[in-house]
Structure formats: structure tokens, C-alpha cells
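Reading through the C-alpha cells given below for one structure.
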Amino acid sequence: MVKKIGILALQGNFVQHKKMLDLLGIDNVFIRYSYDVDKCDALVIPGGESTTMSKQIDANNLRHALKEYSKTNSLFGTCAGMILLSSTKESKNLRPLGIMDFTVNRNAYGRQIESFSDYLDLDFCEETDFHAVFIRAPKVLNTGKNIRILATYKKTPVMITDGRHIATSFHPEMGTDFRIHNYFMELINA
């Protein structure tokens, strides 16, 4: 049984994930340094600015710790967190962690002013209409053979898993629908 969820708190929407986990009664802690990583049973990488988060991961000596941790523990990346979990090619400003076998196109759904929300069907539950918020969201380009698609938007994957980790293009921490966070907890506890 999961005791504590860590939330990477370098930049971005980490407070909203904390509120969601608090409402679910799940013990959680903010993670900022490599020595904090082993204090938790699973980890959330929130949405935010992927370039800044990538640089902060290196500045706070977290890259190796996160990659090692991911071999035995689950990570849940939302929006920028999805980008960081991906195997997208490194650029001058971004070094993804390469934890999951998929690639993305950053900000593919448009700029900040083109943010939107829409309803999705989730592959893992019978209830429909999960209200998803897309803010400068990444678009999945390619997935490896071990990637399972859990939700799509206009036929493009927006929620995926490799059986241990989960990544979403959108922000499931915005709103009051707990289904995706509950699914992550079920995955961890399985």
C-alpha cells in the first residue's frame, strides 16, 4: 500500500496536485532535491514550463536520481511532466528524462491564449466525459510498442502508460474529477 506521493516542486502546477492528493486523503510531500526522492513511494511531475523544469532538474542534481527511481517506482507526468518523461530528442533548452518510450511535439496545441478544455473518454473506466484542460499542451508523435493509450483527443493520444508510469498532455489536477489520480493510485498499489 502506498504511503506517500512525492510531487516535484521545482516550477509549475505542483500546488494543484497537492490539493488533489490532499482531497483524496493521500499523504504527499514536495520534492526539490535528489535526497528527497526516496522519501516517497511514487512521484508526480506537474505541468509547467518544461525548459525551466529540465534546467532545475539538473541544477538540483535530480536527473540521475529520477532515472534510477523510475526503474522501480511509478511516475505520473502531466503536460510539461509528460514532455520530461518522454524520449523526445534533446535540444539546446531541453533534456527529457527518457523514462517512457514515446516522443512529443511541445506546445503543439497552440500558445497560452489558445488553451482550451474538452471532454474525453478514459479507457479504464465506464464513466465518460472527463473534463480535460489543455494549456500549451504537448502532442504525442510516436509511441513505442510497450505504450498503451488510455485516452485520445481527435484521434491523438493524450493519456498513455507503459504499465508503471502515466503521462497526460492535459492537466487532470484542474477540477474536481479524481478518476485519473485514483487510477494512478490503483496502478501503484497493483
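Values computed for the structure shown
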quantity: Answer from LYS39, LYS18 - the residue that is over 13 Å from MET185 (Cα atoms) and loosely packed, with under 14 Cβ neighbours inside 10 Å; calculated: LYS39
quantity: Count of region 21-36 residues which are open to solvent by 50 Å² or more (accessible area, probe 1.4 Å) and either among the acidic types (Asp, Glu) or free of Cβ contacts under 8 Å to residues at least 40 places away in the same chain (or both); calculated: 7
quantity: Helices (runs of 4 or more DSSP H) fully within region 43-130 counting 2 or more residues that are touching a strand residue (DSSP E or B) at 6+ places or on another chain (Cβ under 7 Å) and touching a residue at least 40 places away in the same chain (Cβ under 8 Å); calculated: 80-85
quantity: Residues of region 145-167 that turn out to be in contact with a strand residue (DSSP E or B) (Cβ under 6 Å, 6 or more places away or on another chain), surrounded by fewer than 17 Cβ atoms within 10 Å (Cβ to Cβ) and not β-branched (Val, Ile, Thr), as a count; calculated: 1
quantity: Yes/no for LYS67 being at pLDDT 95 or above, open to solvent by 70 Å² or more (accessible area, probe 1.4 Å) and of a type outside the set (Asp, Glu); calculated: yes
quantity: Filter result for VAL140 (open to solvent by less than 40 Å² (accessible area, probe 1.4 Å), of a type outside the set (Asp, Glu), touching a residue at least 12 places away in the same chain (Cβ under 8 Å) and closer than 14 Å to GLY47 by Cβ); calculated: no
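The values are calculated or read from the model by the stated rules, or taken from the named source; none is laboratory data. All values derive from a computational prediction rather than experimental measurement. We place every Cβ from the backbone using ideal geometry, glycine too, and count neighbours over all the protein chains shown. Keep in mind that these areas ignore ligands, DNA and RNA; they rest on the heavy atoms of the full protein, side chains included. Shrake-Rupley method; radii C 1.70, N 1.55, O 1.52, S 1.80 Å.
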